[in-house]
Amino acid sequence: MEYFIDSASIEDIKEAAMLGVLDGVTTNPSLIAKTGRPFATVAKEICDFVKGPVSLEVVGTTAEEMIREARELRRYGSNVVVKIPMMSEGLKAVKSLSSEGIPTNVTLIFQPIQALLAAKAGASYVSPFIGRLDDIGQNGLDIIKDIVQIFNNYSFNTKVLAASVRHPVHVLECAKLGADVVTLPVKVIHQLTKHPLTDAGLKTFLEDWKKVKA
Ligand code: G3P
């Protein structure tokens, strides 16, 4: 399973690289807005630093606008994956971009059949938002299970990219279910390193070490 960083903050991205878990990056308009910096500056900085796939999202609402934006976004780097919202116009854009060889990530997926449509249109990735499903009282992990099964049934190459991942249990369950990628805030990566017995064990080792005669 690959780990992407779900952030537009270059500090977060560099931190993940130092931790050895930077396979790629996903952004969205809200994450870009959070930086308070111009989109072009942020996009260039991320694409120059990251070797793996970087998802940059279109904001047009017609297929024509999305396709035009996609070509512009690809100027930031050959690793740019164009993030397209799940909607009919988005599917048209994905179909057309995939025939040009431009990779796409269909975002805002909340049910498995949306993922199947995106895969049929030629999407490189689908992004189901599991945390937001949990937020409304559905089990977000169910959608990962269903999409993995559907893609296996029909041998789609489209990767399942679990998004809106909020805590370590999401990561563990995504790995068990066979998600190809999880995209994480850097905070969750730090949470993944933790276990109370690790902390207690280290405390004891360090205390005992003080008793060792030099
Ligand atoms: O990758 C999509 C993600 O950024 C959404 O996460 O926590 O805003 O639901 P969240």
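Results, tabulated for the structure shown:
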read-out: Close pairs (7 angstrom Cβ cut-off, 6 or more residues apart or separate chains): among the basic types (Lys, Arg) in the stretch 150-174, within 16 Å of the ligand (Cβ to nearest atom) and not in a helix (DSSP H, G or I) anywhere; value: Lys159/Ser124; Lys159/Tyr125; Lys159/Asp180; Lys159/Val181
read-out: Selected residue [closer than 23 Å to Val94 by Cα and either among the acidic types (Asp, Glu) or open to solvent by 70 Å² or more (accessible area, probe 1.4 Å) (or both)] from Glu45, Glu65, Glu15; value: Glu65
read-out: Where Val186 falls short, out of the listed (1) among the aliphatic types (A, V, I, L, M); (2) away from the ligand (no atom under 13 Å from the Cβ); (3) within 28 Å of the chain's Cα centre (by Cα); value: (2)
read-out: Options Ser30, Ser98, Ser88, Ser78; residue that is touching a helix residue (DSSP H, G or I) at 6+ places or on another chain (Cβ under 8 Å), open to solvent by 30 Å² or more (accessible area, probe 1.4 Å) and either hydroxyl-bearing (Ser, Thr, Tyr) or within 16 Å of the ligand (Cβ to nearest atom) (or both); value: Ser98
read-out: Evaluation of Ala175 against (1) open to solvent by 60 Å² or more (accessible area, probe 1.4 Å); (2) closer than 27 Å to Ser124 by Cβ (one fails), failing number; value: (1)
read-out: Flag if Val59 is aliphatic (A, V, I, L, M), surrounded by fewer than 19 Cβ atoms within 10 Å (Cβ to Cβ) and more than 29 Å from Gln191 (Cβ to Cβ); value: yes
read-out: In the stretch 106-149, residue least open to solvent (accessible area, probe 1.4 Å) [restricted to those that are among the charged types (D, E, K, R) and farther than 18 Å from Pro185 by Cβ]; value: Asp146
read-out: Hits in the stretch 136-152 - residues which are in a helix (DSSP H, G or I) and within 14 Å of the ligand (Cβ to nearest atom); value: Gly140, Ile143, Ile144
read-out: Residue among Asn157, Asn152 that is within 18 Å of Val106 (Cβ to Cβ) and exposed (fewer than 12 other Cβ atoms within 10 Å of the Cβ); value: Asn157
read-out: Total residues in the stretch 118-135, condition within 11 Å of the ligand (Cβ to nearest atom) and either more than 20 Å from Gly24 (Cα to Cα) or assigned to a helix (DSSP H, G or I) (or both); value: 6
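The values are calculated or read from the model by the stated rules, or taken from the named source; none is laboratory data. From a predicted model like this one, the values you see are computed outputs, not experimental measurements. Reconstructed Cβ throughout: ideal geometry from the backbone, glycine too, with neighbour counts over all protein chains shown. Ligands, DNA and RNA are stripped out before the accessible areas are found, and what is left, the full protein with its side chains, is counted by its heavy atoms. Shrake-Rupley method; radii C 1.70, N 1.55, O 1.52, S 1.80 Å.
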